[in-house]
Amino acid sequence: MVKNWILIISILFIGCLTNQSTESLIPRSQFKEILIDIHKMELNHLDSISILDSVLAHHNTSYDLYKNTLLFYSEESSTMLDILYEVEDSLLD
């Protein structure tokens, strides 16, 4: 019985650690637009750090918020793949 409670508490604890508030994330559509802009600018420039800074400033988004969103979607691999396919489709249009 004690082992069951330890298992349940462990699962809840791990679940709380991995859940991020959506308030600390960029909305999906804006994140996709940021990725599109980054890819478009990379075609014309070599300095990827200044490209990222420029795109984030254009979208009025902080680097920390971008990083949190990127980490969140990297853990949600199927959603991240969907976003990347949408970015690719947009770039091909």
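Each value in this text was obtained by applying a stated rule to the coordinates, not by laboratory testing. Bear in mind the structure is a predicted one, so any value in this text is a computation, not a measurement. No Cβ is skipped: glycine too gets one built from the backbone with ideal geometry, and neighbour counts run over all protein chains shown.
Brief remarks on what is shown
- If you go through the stretch 60-93 and keep only what is among the small types (Gly, Ala, Ser) and free of Cβ contacts under 8 Å to residues at least 24 places away in the same chain, you end up with 62, 74, 77, 78.
- Filtered by the rule that a residue be among the charged types (D, E, K, R), in a helix (DSSP H, G or I) and over 18 Å from residue 25 (Cβ atoms), the stretch 38-93 gives 40, 42, 53, 88, 89.
- Scanning the stretch 24-53 for residues that are over 22 Å from residue 93 (Cβ atoms) and surrounded by fewer than 17 Cβ atoms within 10 Å (Cβ to Cβ) returns 24, 46, 47, 48, 49, 50, 53.
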